[in-house]
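This report concerns only the one structure given below.
Each value in this text was obtained by applying a stated rule to the coordinates, not by laboratory testing. Remember, it's a predicted structure, so these values are computed and weren't measured experimentally. Every residue, glycine as well, gets a Cβ built from its backbone with ideal geometry; the counts of neighbours run over all protein chains shown.
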Amino acid sequence: NAGVTQTPKFQVLKTGQSMTLQCAQDMNHEYMSWYRQDPGMGLRLIHYSVGAGITDQGEVPNGYNVSRSTTEDFPLRLLSAAPSQTSVYFCASRWTGGHEQYFGPGTRLTVT
Amino acid sequence: DAKTTQPPSMDCAEGRAANLPCNHSTISGNEYVYWYRQIHSQGPQYIIHGLKNNETNEMASLIITEDRKSSTLILPHATLRDTAVYYCIVRVYYPGNTPLVFGKGTRLSVIA
């Protein structure tokens, strides 16, 4: 199993540009989530999903959109990037009835 | 807000046991205690979880007080590779859609 994969690893955007951060898992996990981590801080939850077609907001959802059309994929969209969205983004997944959550390697995003 | 309180940093000599405390005085009866760690800027890694009994796995031991208001993660023989930020999290296990909410964690430095 590849586990949780994220692409790209690094990205630089200009203010106002849009992009999609990709997240995929091959473990057939129902639950997936997105976090952001600013320098020296803990992880903050952006959005999460308990299955295809179902998404919900986390602590810091503003400026981000998500959708879940398949079990495997959970993309995160930035519609109009802002410098405040400069961060490291982590995707995670787990079985809904499981305890262990698996994290991807992260995407490092810089908005200038 | 995170439901746990952890010291911001700790040091431990290599080869000695590292004991990381966590206070969760408002924990509910259906909430589990989870520990994750984040090495450098990698994605967080699951370590262990427990409800009320002490737990041990190949990585660590988890000691939960009888009143469940605090817990201690024990790394029995710390190595330099255990240098990381350790997060203590409480979460309702059922229903399974409850997200993990991270606090600021404890930065453990293992010293040679």
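Multiply the residue gap between B:Leu51 and B:Ala13 by 0.36 nm, knock off their C-alpha separation, and tell me the result in nm, one decimal place. Walk me through the intermediate numbers first.
On the way: separation 38, 0.36 × 38 = 13.68 nm, distance 2.95 nm.
Between B:Leu51 and B:Ala13, full extension yields an extra 10.7 nm.
I'd like the mean, over residues of A:96-102, of how many other protein chain beta carbons sit within 10 Å of each residue's own Cβ.
That average works out to 6.
Quick one: divide the alpha-carbon radius of gyration of chain A by 2.2 N^0.38 Å and tell me what you get.
Here the answer is 0.99, to two decimals.
Just B:Val90, B:Val33, B:Val101 to compare: in a GNM of chain B, with alpha carbon springs under 10 Å, which one fluctuates most?
Of the options given, B:Val101 has the highest mean-square fluctuation.
If you average the sequence gap of Cα pairs under 8 Å that are 6 or more apart and divide by the length of chain A, what percent do you get for the contact order?
36
If you project the alpha carbons of the protein assembly as shown onto the principal axes, what extent comes out on each, in Å, largest first?
Result for the protein assembly as shown: principal-axis Cα extents of 49, 39, 34 Å.
Consider a paramagnetic label point 7 Å from the Cα of A:Thr7 along Cα→Cβ; state which residues of region A:62-89 have an amide N under 17 Å from it.
The answer is A:70, A:72-77, whose backbone nitrogens lie closer than 17 Å to the label point.
Arranged by the count of other C-beta atoms within 10 angstrom, fewest first, what order do A:Trp34, B:Trp35 take? Write down the numbers at each step before the final one.
Values: A:Trp34 29, B:Trp35 24.
Exposure proxy ranking, most exposed first: B:Trp35, A:Trp34.
Could you give the distance between the Cα centres of region A:47-62 and region B:15-50, to the whole Å?
Here the answer is 24 Å between Cα centres.
Assuming R0 = 35 Å, can you tell me the calculated FRET efficiency for the pair B:Glu66 and A:Ser18, based on Cβ-Cβ distance, to the nearest 0.05?
On the way: r = 53 Å, r/R0 = 1.51.
Approximately 0.10, to the nearest 0.05.
Just checking the protein assembly as shown: which Cys have no other cysteine's beta-carbon under 4.7 Å?
B:Cys12
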